[in-house]
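Notes follow the structure.
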Amino acid sequence: MKTLAIRLLGVLALGLGGLGSSHAAYNATPDFWECANRVGGTFVHGRIPSGCDVATFGPDSFVRGNYGGTVFNDAAYNTANGSDPISVAERKRYMQEMYPVIRDASQRYLNARKPGVQERELQAFQRGVFALLRQESFWSHYRDAQTATGQPFLLKMIRGDNGHGHGMMQVDDRYHFLPLQEGKGWNMMQNFSYAIDIYYDAWQKAPASCLGGAISGDDEYWRSRARSAWSAYNGGPTRVCRWQNTADANVAKDNGYRDNYDLRRWLTDVADLNKPASIDVACLMDNGAQCPQPVGAPLGPNRLMKLGNSACVLVGETLECVDTVGDASCLGGRSSFDERVIATIYAVQVTGRMRVDHNRHQICRAFVPGLQSLGSAITTLAPLALRSSIDGMVLGQAPAGTYQVLDFAVSGVAAKQRFYRIRATLNGVLTDGWIDAGAAATHASLATAAAPSGAGALPYPGDWVSVVPNLNMRATPGGALLVTIPAGRVVQIKELFGTASANNLYYRIEYTHSDGVTREGWIFGGNLYPSSTLANWVLPAAAPSAQKHAHCPNGTRYDIHSRQCMSASSVYGPFTAAAVQACLDSGAGAVCTANRATVVDGVALTLPIWSKAVAAQAVGNGDCPRGAARSSAHRFHCVENVSRDGVLQTDVYGPFSSAMVSACLASQGNAGFCRSNRWPATVFLAQQP
């Protein structure tokens with residue numbers, strides 16, 4: 001990528017009606033000069049390599065307050081697969097924000113430089129500018145990115161050409177050292193206003209000899225003007241006709257600009273060409289860092305607030321959020337608020353404040369009793385209307401039966417109305433749609449938890465799948481790399497875990513690597529929105545063995561939603577200490593602590609056995625049983641810290657597969673707990689290489 005490496009011929013002072021001048025000497029700045037916390041990237045709209053902290057040159061708070069949606073969000077982008085729907089959605093969101101900004105900025109610039117300009121020239125000039133941005137930086141400027149997994153997301157400005165090119169216009173610090181220190185790099189509209197003068201100067205001065213005999217005013221004439229302007233922008237004013245020389249060393253770059261101009265490649269990511277700009281283009285072009293920051297609603301408790309795409313509440317001094325406003329009702333367990341009113345706030349108002357971003361799959365389950373989790377099974381107790389969306393048109397009646405939950409939604413803090421996306425057969429055709437599964441007071445009469453029936457659209461625990469590409473197996477969802485699983489290898493699904501509003505899926509599996517070691521960990525399984533990418537990651541496969549993903553007493557099954565073994569009427573422990581206490585507090589009596597005889601794998605054991613009603617209340621509906629929490633140190637299993645005889649101990653809860661149970665029995669002298677759903681952490685960790 002060649003950056004702007006020529007002297008600025010004139011900087012337009014918009015609003016003052018005149019031209020200034022800038023004469024910059026060459027500075028031998030090192031590669032990646034003043035580049036803090038550098039990150040990489042990919043050559044797609046919004047996130048080219050590389051990026052460096054904005055804060056080195058200007059305040060993050062100014063960018064957050066004034067540039068809003070024009071920041072590319074790596075947290076909403078799958079860095080492992082930039083072509084999957086979630087990545088495409090963020091790219092398109094970004095470009096839909098950027099397009100009206102550049103459209104309005106280029107129009108304002110040309111109208112100021114050339115009052116009364118004809119519409120045909122304006123359109124050609126804008127098209128040339130759009131192609132310039134695509135050629136120079138893939139329209140990239142601001143980006144939220146992290147230097148490594150688990151690190152915070154920091155605001156970056158893109159840097160090209162070994163770090164010398166600053167911002168979307170690629171202003172070179174070796175030739176424009178002082179202007180960059182004055183804000184012509186980090187401040188996006190100042191970056192544009194400063195550099196576009198070079199392009200405009202060449203646009204105006206392109207001699208007839210450069211235009212290839214094109215007739216003034218026709219399409220080829222404007223195309224040639226644009227190509228000449230870019231050749232000068234990229235190579236210097238003496239290279240204005242460079243694009244005509246097919247033997248020039250830069251012919252590939254000139255042809256690249258030509259292709260961008262001809263094919264308008266930016267349009268693939270822009271749906272609405274007439275959308276208004278979401279930033280104050282005029283002020284940011286004219287006044288730069290002197291522009292006022294937007295004033296949002298005051299922060300305060302007991303109110304629902306919108307921050308970007310997120311919904312947030314203030315809990316003490318901490319901002320707690322979910323990633324979309326559609327899940328705002330699930331914040332009802334964190335704060336009281338009037339859900340009919342949502343106040344807009346800006347990032348500058350919460351700079352430095354602690355923020356917690358909740359996973360919708362965890363916070364909604366914890367808040368809504370009986371809400372079924374993604375990938376689990378439900379039985380509907382009556383025919384229910386199947387709609388195209390939660391409040392969309394009725395597609396037909398889904399018969400009473402067993403279905404897999406493909407997504408969920410919650411409406412109303414008090415009502416806790418829950419909706420499930422399912423796949424039902426309507427007139428002989430499998431159809432995806434949404435059913436209303438009732439509110440807090442009615443849901444039990446409409447849909448209940450069920451055992452899986454047949455194959456699901458998502459893998460059920462116990463299903464076997466074949467990995468499609470080589471897949472990284474990680475200690476936690478998206479966490480530390482353990483090993484890479486070769487394409488085509490068949491593995492058993494033990495658990496499904498969802499994240500974010502795109503329903504990114506991770507599967508817990510076991511895998512015996514080429515080193516002969518069996519490991520437990522997580523693989524990425526794709527996402528469901530904006531469209532499903534599941535088939536890109538794993539495909540259903542025949543079972544190669546009778547291995548179980550979990551072991552349960554005779555006549556029961558392991559329920560991945562409740563994390564317990566259950567029969568038609570009962571739930572089998574061991575239960576957490578917190579669940580036992582909740583059982584006692586409910587008045588259930590001796591059943592809470594009693595052990596009863598049962599059989600697992602032909603071996604007699606004693607376990608607590610509760611009715612489903614008692615268990616539902618005591619165990620709770622969280623992602624983990626009451627009193628337990630996910631632990632990164634234990635392969636993301638649910639763990640509980642308990643004190644026994646004055647000694648603090650950690651227990652790990654299943655599922656534990658056939659391979660794990662066999663290893664536990666061998667190492668623990670056939671101990672009975674190996675066949676239960678709760679192990680001492682020391683025993684569990686001893687099996688994790």
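The values are calculated or read from the model by the stated rules, or taken from the named source; none is laboratory data. Because the structure is a prediction, the values reported are computed rather than measured. Cβ: placed from backbone, ideal geometry, glycine included. Neighbour counts: every protein chain shown. Ligands, DNA and RNA are stripped out before the accessible areas are found, and what is left, the full protein with its side chains, is counted by its heavy atoms. Shrake-Rupley method; radii C 1.70, N 1.55, O 1.52, S 1.80 Å.
Where the alpha-carbon atoms of segment 560-689 are placed on the principal axes, they occupy 42, 33, 31 Å, in descending order. Backbone phi angles across segment 540-550, fed through the Karplus curve with coefficients 6.51, -1.76 and 1.60 (θ = phi - 60°), yield HN-Hα couplings of x, 9, 6, 6, x, 7, 8, 4, 9, 7, 7 Hz in residue order; Gly and Pro are listed as x. Computed with a 1.4 Å probe over protein heavy atoms only, the accessible surface of segment 369-489 comes to 41 Å² per residue.
Its convex hull of Cα atoms gives segment 427-470 a direction-averaged projected area, equal to a quarter of the hull surface, of 5.8 nm². The residues of segment 545-689 expose, per residue, 43 Å² of accessible area to a 1.4 Å probe. The alpha carbons of segment 119-225 give a radius of gyration and a Dmax of 17.1, 58 Å, in that order.
Magnitude of the charge dipole for the chain, about its Cα centre and with charges confined to Cβ atoms of Lys, Arg (+1) and Asp, Glu (-1), is about 420 debye. A Cβ-based charge dipole, computed about the Cα centre of segment 56-164 with Lys and Arg at +1 and Asp and Glu at -1, lands at about 320 debye. Between the amide H of LEU304 and those of ASP338, ALA343, distances stay under 5 Å, these residues lying 5 or more places away or on another chain, with hydrogens modeled in the peptide plane. Which listed residue (ASN73, PHE62, LEU122) has the Cα farthest towards the positive end of the charge dipole for segment 62-139, taking +1 on Lys and Arg C-beta and -1 on Asp and Glu C-beta about the Cα centre? Result: LEU122.
Of all lysines in the structure, the ones whose alpha carbon falls short of 22 Å from that of LYS92, not counting any fewer than 8 places away in one chain, are LYS156, LYS275, LYS306. Between the residues ASN302, GLY333, GLN617, the greatest Cα displacement towards the positive end of the dipole of the chain, with unit charges on the Cβ of Lys, Arg, Asp and Glu, is found for GLN617. Under 5 Å between amide hydrogens, built in the peptide plane, is the criterion, and for GLN564 it picks out ASP559 among residues at least 5 positions away or on other chains. The loop-placed GluC sites (Glu not before Pro) in segment 289-369, going by DSSP, that have at most 10 neighbouring Cβ atoms within 10 Å of their Cβ come out as GLU317.
For segment 68-129, state which trypsin sites (Lys or Arg not before Pro) are in a DSSP loop and have at most 13 other beta carbons lying within 10 Å of their beta carbon. Nothing satisfies the criteria.
Projecting the Cα atoms of THR556, ALA385, ASN595 onto the charge dipole of the chain (Cβ charges, centred on the Cα centre) puts THR556 farthest toward the positive pole.
Our summary gives the chain a relative contact order of 9 percent, counting only alpha carbon pairs under 8 angstrom and 6 or more residues apart.
Compute the Cα gyration tensor for segment 438-545, then decide on rounded, prolate or oblate, letting a ≥ b ≥ c be the square roots of its eigenvalues: rounded whenever a/c is under 1.5, prolate when a/b is larger than b/c in the other cases, and oblate in all that remain. Walk me through the intermediate numbers first.
Values: a/c = 2.09, a/b = 1.77, b/c = 1.18.
Prolate shape, in that a/c is at least 1.5 and a/b is the bigger ratio.
The magnitude of the dipole of segment 116-192, with charges of +1 and -1 set on the Cβ of Lys/Arg and Asp/Glu and taken from the Cα centre, is near 140 debye. Sorting ASP407, ASP286 by accessible area puts them as ASP286, ASP407; the probe is 1.4 Å, largest comes first, and only protein heavy atoms count. Multiplying each eigenvalue of the alpha-carbon gyration tensor of segment 340-476 by 5 and taking the square root yields semi-axes of 29, 24, 15 Å, largest first, rounded to whole angstroms.
Rg and Dmax over the alpha-carbon atoms of the chain stand at 30.0, 98 Å.
Taken one residue at a time, the phi angles of segment 343-358 give Karplus couplings (6.51, -1.76, 1.60, θ = phi - 60°) of 9, 7, 10, 10, 4, 4, 6, 10, 4, x, 7, 5, 10, 10, 9, 7 Hz. Gly and Pro are set to x.
Under a 5 Å amide H cut-off, with hydrogens placed 1.01 Å from N, GLY396 pairs with LEU386 among residues at least 5 apart or on other chains.
Counting only heavy atoms of the protein chains and using a 1.4 Å probe, HIS637 has close to 0 Å² of accessible surface.
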